[in-house]
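One structure below.
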Amino acid sequence: MKHAQDEMVLIDAGGSAHPLGEVATARMRERTGAYRMLPTPSHLVFLRFTGADGRRDLEDGPIVRMAGEITATGAMIEVLAILGQTGMRGELVVMDGDITRSVFFEHGNIVGVQTNAEDEKIGMLLYKHGMLSEEAFLPVLERARAGDRFGMAAVDLGFVSQEQIYKFLGRQVEEVVFSILMATDGAYCFLEGFDEGRLASRQVISANALLMHHLTRIDEIRHFRFWIPSAEHVPVKIQKGPPGPEYAEVWAAIDGRCSVGEIGRVTALGEFEVTRQVFQLAQVQALAVTPPRTQGGILEVVEVASSALRVIHQAADSGGRGTAVRNNLVGFARGAYDELMRGAGPFEHGGFGGPILVRNALALKPAGDAENFVREMLYDYVAFALFSVTATLGPGCGLAREVEPLLSRLRPAGQSGVYMIPGR
């Protein structure tokens with residue numbers, strides 16, 4: 001996992017640029033050539049490839065019409081709205097860490113997408129929505145690795161129809177745009193024009209209509225997540241029959257073992273629709289939502305702590321206080337935590353490398369005591385991280401309510417659930 005410092009470049013007093021981190025070095029190596037440094041505000045550097053002549057030519061790459069930073073969920077709402085209203089033709093490229101997504105616009109419509117996020121590729125969408133079984137997925141994947149398009153390979157092998165592939169290409173557009181709206185860190189640029197041959201299939205989806213749909217979905221997801229924190233949580237029936245026929249399909253798939261995500265695949269309804277129905281059923285007390293099935297042990301404790309820390313660090317970064325909070329945590333963890341955390345993090349997102357931390361814990365404590373030791377240490381660490389961010393952003397940020405379900409799973413036996421929230 002990269003750290004923010006891995007992306008840093010130093011421009012010295014002589015005007016020479018020096019990459020300081022591995023990521024920055026790799027990115028600069030990929031861009032060998034002559035660039036023009038465009039005029040920008042003093043805190044920005046904008047380099048544009050031109051070749052040795054210093055002039056932008058057709059072969060030097062598409063024109064950049066818009067570009068900017070992503071700092072919080074929803075930061076791309078205005079960008080998508082502008083592109084939907086102006087009708088410009090081009091490619092919106094959104095980079096979030098190692099993930100790159102492209103959305104192709106024309107006359108206010110989205111006509112296609114590309115993504116290197118595995119969960120958003122057409123094969124995984126077919127699998128997650130129950131259109132491909134595990135047995136069918138592997139032979140199609142082999143064909144795709146050999147150079148075939150995944151969708152066409154699935155059609156050739158007889159697992160799905162062309163109509164189903166076309167439908168899921170449209171759903172892929174929805175999932176990629178939703179992920180862009182949910183991005184919390186990264187950068188974007190809008191490039192003028194695009195090569196028609198890059199489209200796997202031409203879609204015609206109104207950008208503004210899809211944006212309105214996703215804004216509603218984002219609001220619902222935020223509300224649902226307090227009650228159903230993840231797709232790995234498991235619904236368990238309380239009453240014998242479903243409250244109404246509209247829930248019959250999901251209700252039949254609830255067996256007390258399958259997670260929300262698994263039910264989405266079995267019913268072919270997808271994670272979001274199943275989450276919505278499970279939430280509604282929980283509100284009328286037809287079912288209860290239980291934590292994910294886990295194997296227990298130290299590794300589970302580390303994974304729960306890392307999940308909470310990702311949420312906390314994301315809030316700190318979105319509020320522009322990520323560095324201050326990380327420095328506070330360094331001071332808090334100095335001494336007692338050194339041996340436990342050695343080589344295990346924390347990484348840039350705040351979490352830890354589970355296997356290394358487990359190894360460290362077993363070297364410090366007998367096997368029978370190691371889990372309680374790690375639980376106590378990480379509970380205090382996460383609680384302090386939550387305190388630090390809440391003190392910085394204010395108690396009104398709502399972070400405590402979001403993190404509490406995870407913190408409660410970390411809490412050592414016999415310890416109260418009370419921790420100090422600044423301003424209360």
Within region 168-205, the residues whose backbone N lies under 15 Å from a label point placed 7 Å from the Cα of GLU220 along the Cα-to-Cβ direction are 174-175, 178
Honestly region 60-150 on the Cα gyration tensor test (a ≥ b ≥ c root eigenvalues; a/c under 1.5 rounded, otherwise a/b vs b/c for prolate or oblate) is just prolate
Region 173-241 accessible area per residue, 1.4 Å probe, protein heavy atoms, integer Å², reads 48 Å²
Here the equivalent ellipsoid of the chain, derived from its Cα gyration tensor, has semi-axes (largest first, whole Å) of 37, 33, 21
Candidate span helices, the chain: DSSP H, at least 24 Å along axis from Cα coords, Kyte-Doolittle average at least -0.5, result 162-182, 207-227, 297-318, 367-393
Only helices counted: for the chain, with every DSSP H run of 4 or more residues adding -39500 (n - 2.57) and the sum spread over all residues, [θ] at 222 nm is -15000 deg cm²/dmol
Sorted list, accessible surface of protein heavy atoms, 1.4 Å probe, largest first, for MET212, MET66, MET341, MET28 is MET212, MET28, MET66, MET341
Taking 172-178, 356-362 and ranking on average Cβ neighbours within 10 Å, highest first, one gets 172-178, 356-362
Of the residues HIS129, ALA207, VAL155, the Cα lying farthest along the dipole of region 122-279 towards its positive end, which is defined by charges on the beta carbon of Lys, Arg, Asp and Glu, belongs to HIS129
SASA check, GLU271, accessible area w/ 1.4 Å probe, all protein chains in place, rounded to nearest 10 Å², comes out at 80 Å²
If one builds a Gaussian network model of the chain from Cα atoms under 10 Å apart, the most fluctuating residue listed among GLY368, GLY197, GLY14 is GLY14
A student asked for the Cα radius of gyration and Dmax of region 345-409 in angstrom ought to give 13.9, 42
Gyration tensor (Cα only) of region 148-204 to equivalent ellipsoid, semi-axes in Å sorted down, yields 27, 15, 10
For region 130-230, the Kirkwood Rh over every pair of distinct alpha carbons, in Å, works out to 16.4 Å
In nm, the gap between the two label points placed 7 Å beyond Cα toward Cβ at LEU138 and ALA248 is 3.6 nm
Rounded to a whole %, the carbon-and-sulfur portion of the accessible area of the chain at a 1.4 Å probe is 53 percent
Taking only Cα atoms of region 203-266, the Rg to Rh ratio with Kirkwood Rh works out at 1.08
Quick calc, HIS43 & MET95: beta-carbon distance into FRET formula, R0 22 Å, rounding 0.05, result 0.70
Region 231-273, convex hull of Cα, quarter of hull surface, nm² -> 2.8 nm²
The answer for region 42-140, accessible area per residue at 1.4 Å probe in Å², is 51 Å²
Scoring the chain by relative contact order with C-alpha pairs under 8 Å, at least six apart, yields a percentage of 13 percent
Mean-square fluctuation maximum in Gaussian network of the chain, Cα pairs under 10 Å, restricted to GLU91, GLU273, GLU142, hits GLU142
Over all pairs of different Cα atoms in region 291-369, the reciprocal of the mean inverse distance gives a Kirkwood radius in Å of 13.5 Å
Per-residue accessible area, 1.4 Å probe, largest first, puts ARG375, ARG276, ARG56 in the order ARG56, ARG276, ARG375
Ignoring ligands and nucleic acids, VAL93 exposes an accessible area, probe 1.4 Å, in Å² to the nearest 10, of 20 Å²
So the compactness index of region 219-360, its C-alpha Rg divided by 2.2 N^0.38 Å, takes the value 1.31
Between the residues VAL103, LEU378, GLY68, the Cα farthest towards the positive end of the dipole of the chain, that dipole coming from +1 and -1 charges on the beta-carbon of Lys, Arg, Asp and Glu, is from LEU378
Counting only protein heavy atoms and leaving out ligands, DNA and RNA, the solvent-accessible surface of TYR35 at a 1.4 Å probe, in Å² to the nearest 10, equals 80 Å²
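The values are calculated or read from the model by the stated rules, or taken from the named source; none is laboratory data. Computed from a predicted structure; not experimentally measured. Methodologically, a virtual Cβ is constructed for each residue, glycine included, from the backbone with ideal geometry; neighbour enumeration extends over all protein chains shown. When the accessible area is computed, the model is the full protein with side chains, heavy atoms only, and any ligands, DNA or RNA have been set aside. Shrake-Rupley method; radii C 1.70, N 1.55, O 1.52, S 1.80 Å.
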